[in-house]
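None of the figures in this text is laboratory data; all of them are computed from the coordinates on show. Because the structure is a prediction, the values reported are computed rather than measured. Ideal geometry is used to build each Cβ from the backbone, glycine not excepted, and the neighbour counts take in all protein chains shown.
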Amino acid sequence: MKVVLLAGGFGTRLSEESVYKPKPLVEIGGKPILWHIMKEYAYYGHDEFIICAGYRQESIKEWFADYFLNSSDVTFDYRGKSDERIVLESRAEPWRVTVVDTGLHTMTGGRIRRIRKYVGDEPFLMTYGDGVCDVDINDVIRFHKSHGKTATLTAVLQDQTKGVLNIGGDNAVKSFREKRLTDSTPINAGYMVLNPEIFDYLEGDQTVFEQEPMERLAEEGQLMSYMHRGFWQCMDNMREKELLEKLLQSGVAPWKKWQDG
């Protein structure tokens, strides 16, 4: 399955770094958090990515343009009439990455709608470009295929301020609403599987995916939750960035299942 990554927001709550770069390019452990998320998916065999860029989208394109060169041992030979570059050894990931400028002020649903032609008429994976998780992505896919509904999201139990879910005994999401400061219930952690019918719920650039589309999916019984009781952490501010850094430095970062990099 193709993996769609939402990476177009302004990241205002991480303004110490996002003023210079889009939040998905803010580094933890010397690599952008976006790279860590992509490594998670690649670990489970999903290595074709569509990045919904917006704010400083050129920076994301430049990072990937330089990634192969910066991850390789290269000989530059200037002795002839033309420059010659010889790649001796590459440590870049074998990924296919499509970076799409989905607009500066486009909302999340609008960004997904804009990449429809790159997804095609098939189910796809989708998550946000600012959070890491140790969920078994292939288990989420198997769960999605088992129920036949339009959308599956990964739900986690944490004291966070994300979209709040009312989940029934059959794992169907009975309702979806935006967060309140006092919530301590299952929340939407992203890591979704979406059928192509999802595009019927997205009307235009100003569609906020987490509002009317997901509320409507829940009302129609088309939104299911995969309950994950392991690790999930977003990176909304410097405190959360420092937490992720410490986990990496300690060697116990739960999302880092790969052995290299």
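In deg cm²/dmol, rounded to 500, what helix-only [θ] at 222 nm does the chain give when every DSSP H run of at least 4 residues adds -39500 (n - 2.57) and the total is split over its residues?
Calculated at 222 nm, the ellipticity per residue is -8000 deg cm²/dmol.
Sort 98, 127 so that the residue with the fewest other Cβ atoms within 10 Å of its own Cβ comes first and the one with the most comes last.
If I rank by nearby Cβ atoms, fewest first, I get 98, 127.
Work out the length of the dipole vector of the chain about its Cα centre, built from +1 on the beta-carbon of each Lys and Arg and -1 on the beta-carbon of each Asp and Glu, and round it to the nearest 20 debye.
Numbers: 33 positive and 40 negative charges, 21 e Å.
The dipole magnitude comes to about 100 debye.
Which longest run of the chain has no exposed loop site in it, a site being chymotrypsin sites (Phe, Trp or Tyr not before Pro) in a DSSP loop with at most 14 other beta carbons within 10 Å, and the site itself not part of the run? Kindly include the intermediate steps, with their values, before the conclusion.
Details: sites that count: 20, 78, 258.
The answer is 79-257.
With axes computed from alpha carbons, what is the tilt in degrees of helix 137-147 against the longest principal axis of the chain, rounded to the nearest 10 within 0 to 90?
30
Which residue fluctuates the most in the chain, going by a Gaussian network model with Cα springs under 10 Å, if the choices are 248, 217, 194?
Comparing 248, 217, 194 in a Gaussian network model of the chain, the most mobile one is 248.
Mean separation of Cα pairs under 8 Å and 6+ residues apart, divided by the residue count of the chain: what relative contact order is that in percent?
Contact order relative to length: 23 percent.
Relative to the Cα centre, what is the charge dipole magnitude of the range 1-101, using +1 at the beta carbon of each Lys and Arg, -1 at the beta carbon of each Asp and Glu, and rounding to the nearest 20 debye?
On the way: 13 positive and 16 negative charges, 40 e Å.
Dipole magnitude for the range 1-101 comes out near 200 debye.
Once the Cα gyration tensor of the chain is found, what semi-axes does its equivalent ellipsoid get, as square roots of 5 times the eigenvalues, in whole Å, sorted largest first?
Those come to 33, 20, 18 Å.
Of 256, 117, how do they rank once you tally other Cβ atoms within 10 Å and put the fewest first?
117, 256
For the range 6-105, compute the number of Lys pairs whose alpha carbons are separated by less than 24 Å, excluding pairs fewer than 8 positions apart on the same chain.
9
Using only Cα atoms, locate the centre of the range 195-261 and the centre of the range 80-122, then give the distance between them in Å, rounded to an integer.
With the range 195-261 and the range 80-122 each reduced to a Cα centre, they are spaced 21 Å.
Going toward the positive end of the dipole of the range 51-156, with +1 on Lys and Arg Cβ and -1 on Asp and Glu Cβ, which of 109, 87, 135 do you reach last?
It is 109, whose Cα lies furthest towards the positive end.
Output the 0 to 90 degree angle, nearest 10, between the alpha-carbon long axis of helix 57-70 and the longest principal axis computed from the alpha carbons of the chain.
It works out to around 50 degrees.
Whose amide H sits under 5 Å from the amide H of residue 227, counting only residues 5 or more places off or on another chain, with H placed in the peptide plane?
Under 5 Å from the amide H of residue 227: 155.
Compute the length gained on full extension between residue 208 and residue 98: take 0.36 nm times their separation in residues and subtract their Cα-Cα distance, giving the result in nm to one decimal.
Taking 0.36 nm per residue and subtracting the Cα distance, the gain is 37.4 nm.
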